[in-house]
Amino acid sequence: MKHVYLIVFILSGFLFLTVSCKDRMTYADYLKAEEKAIDLFIESNGLTILKDFPSAGTFKENEFYKDPATGVYFHIIEYGDTIQKLQWKEEVYVRFSGLRYFNTEDTTQYSNFKSIYPEEIVFIGPVNSSTKGNYATPGWVVPLSYVGHNGRVKMIVPFNMGSSYDQSRYEPTYYELVQYRFGNHY
């Protein structure tokens, strides 16, 4: 009789685990949900996605370039001072506004413009597999190859290029404004 109870208990446990595992989203499911959310955001805002960076460097109002290596979308509002290039290990101060999570019910728009301290990046090179982990928000680094001191961009950042919070919650983000200030210009 004890064996019957043990077998029933084990089978119940397997059934419980099987049912609970089916309710969990896989990483592939999160990627699909993110793709749908970004596509919906692009469509509902009338954005045009460019596969090639604009040859003249000028973006039309609703054009975004999608970086093929990272999947980050950006629109350059202002290039800033591009005469003096960003140096290795230079500090870059980041201010942002209009941060929205568009794969969630959260409708708040976040900003750090009123904060005493901006976010800080120590530039060690473009985002790739060896540098990505050194940046708190790797997506912010992507436009730095194109803009200079006081450069300003709009961005759509997939969760895997976002902050640790974005990555842990699988949340893509939209930044209405990201402004860069290079440390050697202060």
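Annotations for the structure displayed:
- The stretch 35-61: number of residues that are part of a strand (DSSP E or B) and not hydrophobic (A, V, I, L, M, F, W, C): 1
- In the condition set (1) of a type outside the set (A, V, I, L, M); (2) more than 30 Å from residue 36 (Cβ to Cβ); (3) surrounded by fewer than 22 Cβ atoms within 10 Å (Cβ to Cβ); (4) touching a Phe, Trp or Tyr at 6+ places or on another chain (Cβ under 7 Å), residue 167 is compliant with all but (2).
- Restricting the first member to the stretch 152-177 and to residues that are farther than 24 Å from residue 24 by Cα, and the second to residues that are among the basic types (Lys, Arg) and surrounded by fewer than 22 Cβ atoms within 10 Å (Cβ to Cβ), the beta-carbon pairs closer than 7 Å and six or more apart or on different chains are 174/100; 175/154; 176/154; 177/152; 177/154.
- Hits in the stretch 84-110 (condition: polar (S, T, N, Q) and without any contact (Cβ under 8 Å) to a residue 24 or more places away in the chain): 107, 108
- The conditions of being surrounded by 10 or more Cβ atoms within 10 Å (Cβ to Cβ), at pLDDT 95 or above and either of a type outside the set (Asp, Glu) or in a strand (DSSP E or B) (or both) are met by residue 64.
- In the stretch 70-106, the residue that is surrounded by the fewest Cβ atoms within 10 Å (Cβ to Cβ) out of those that are over 15 Å from the mean Cα position of the chain (by Cα) and closer than 19 Å to residue 168 by Cβ is 105.
- Qualifying residues in the stretch 38-56 (those that are without any contact (Cβ under 8 Å) to a residue 40 or more places away in the chain and closer than 14 Å to residue 146 by Cβ) - the one surrounded by the most Cβ atoms within 10 Å (Cβ to Cβ): 50
- Identity of the residue in the stretch 111-124, surrounded by fewer than 15 Cβ atoms within 10 Å (Cβ to Cβ) and touching a residue at least 24 places away in the same chain (Cβ under 8 Å), that ends up farthest from residue 87 (Cα to Cα): 120
- Residue tally, condition closer than 19 Å to residue 49 by Cβ, in contact with a helix residue (DSSP H, G or I) (Cβ under 7 Å, 6 or more places away or on another chain) and not polar (S, T, N, Q), over the stretch 135-170: 9
The values are calculated or read from the model by the stated rules, or taken from the named source; none is laboratory data. The structure displayed is predicted, hence computed values, not measured ones. Glycine gets a Cβ as well: all are built from the backbone with ideal geometry, and neighbour counts include every protein chain shown.
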